[in-house]
């Protein structure tokens, strides 16, 4: 939290940097700024130091995770072994099997994501997995990325029209970082014969997952057992594609050496 004084008493404004200030305030010569320190969980601070963390590590954890009672090692020395199995994601298996079916049967696939950092990284995860690990020809894939100005976020109507115009016609669309709140547009794609697998991390509408989606993989679902509800969209996409690879291996369609996703087997 910054405290700002502009020719007057300090007022509090939620910001992350000075650039979040209005232009007229930033240009004022009478501006005063001071940082207000985060409160520190003293019990967590002491515990972290007792477990061998450095003073800086202990202070960072205690100020950012007050009340945390879980293991500390995964936070300071992350490893794949600490990941929960992707099958804990609601609809994860159903979504993975639909992707594996599309790969096996040579279907054209659309990859629909937002244009921001999470959307583009999600897009790369899905596309590279399909091409480099699953052997899907580039000509069978369609990159469907919304335009920041003309389309906005999510499965916009222009993206739906673009999808329906693709050749070869996609019979599966995989979303990432979007789709949970786009039921009307998903319904239109479904009516055109396209299955939509939603992978997302944004909060669901009060109605729940989009009814017209073939599957909706989102850790924020009320019925989802995945323990971390805060993972990014690209993490959801990575987990989903990991699960799809496991399905292809089960089906004998993917013979390349692969890491096991059994709990405790990843390093």
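The values are calculated or read from the model by the stated rules, or taken from the named source; none is laboratory data. Every value quoted in this text rests on a predicted model; they were computed, and no experiment measured them. Glycine gets a Cβ as well: all are built from the backbone with ideal geometry, and neighbour counts include every protein chain shown.
Of the residues making up the range 182-201, those that are part of a loop (DSSP other than H, G, I, E, B) and buried (at least 17 other Cβ atoms within 10 Å of the Cβ) are 182, 194, 200, 201. Count, please, the residues in the range 104-134 that happen to be closer than 19 Å to residue 161 by Cα and part of a loop (DSSP other than H, G, I, E, B). Going through the range 104-134 one residue at a time, the tally reaches 3.
The single residue among 208, 252 that is over 21 Å from residue 160 (Cα atoms), without any contact (Cβ under 8 Å) to a residue 12 or more places away in the chain and part of a loop (DSSP other than H, G, I, E, B) turns out to be 252. Of all residues in the range 149-172, exactly one satisfies the criterion of being out of contact with any helix residue (DSSP H, G or I) (no Cβ under 6 Å at 6 or more places or on another chain) and closer than 12 Å to residue 197 by Cα, namely 171. Tell me, yes or no, whether the range 119-139 has at least one residue that is over 27 Å from residue 251 (Cβ atoms), crowded, with 20+ Cβ neighbours inside 10 Å and touching a helix residue (DSSP H, G or I) at 6+ places or on another chain (Cβ under 8 Å). Yes, the range 119-139 contains at least one residue that is over 27 Å from residue 251 (Cβ atoms), crowded, with 20+ Cβ neighbours inside 10 Å and touching a helix residue (DSSP H, G or I) at 6+ places or on another chain (Cβ under 8 Å). Evaluation of residue 89 against the conditions (1) at pLDDT 95 or above; (2) more than 16 Å from the chain's Cα centre (by Cα); (3) within 23 Å of residue 216 (Cα to Cα) shows that the sole unmet condition is (2).
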